[in-house]
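Visitor: Quick one: the structure is below, questions incoming.
The values are calculated or read from the model by the stated rules, or taken from the named source; none is laboratory data. Every value quoted in this text rests on a predicted model; they were computed, and no experiment measured them. With ideal geometry, Cβ positions are generated from the backbone for all residues, glycine too; neighbour counts draw on all protein chains shown.
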Amino acid sequence: MPEVRITWRSADGEEREELWPSVERFRLWARAQGLRCAWTAYCQPPDATGDDDDEWLVLDLGQL
């Protein structure tokens with residue numbers, strides 16, 4: 001399964017972008033850390049070449 005790119009903003013305004021194996025793994029980690037954050041998960045389209053120039057599609061978003 002391809003990785004997902006997750007951008008998230010903590011309650012204090014810090015913004016981060018990370019690659020995760022899945023959205024569920026990110027949510028489990030964030031809950032275990034006690035994070036309060038808003039996040040957006042992105043995936044590459046099936047026809048992506050793997051270049052950084054490829055567009056990422058919004059997969060999911062939420063708040064914890």
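Matching residues to (1) surrounded by 11 or more Cβ atoms within 10 Å (Cβ to Cβ); (2) polar (S, T, N, Q); (3) at pLDDT below 95:
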site	(1), (2), (3)
3	yes, no, yes
7	yes, yes, no
10	yes, yes, yes
41	yes, no, no
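Visitor: Of the residues 48, 32, which single one is on the phi < 0 side of the Ramachandran plot and modelled with pLDDT under 95? Walk me through how you get there before you give the answer.
Guide: Working: 32 fails: modelled with pLDDT under 95.
When all the criteria are applied, what remains is 48.
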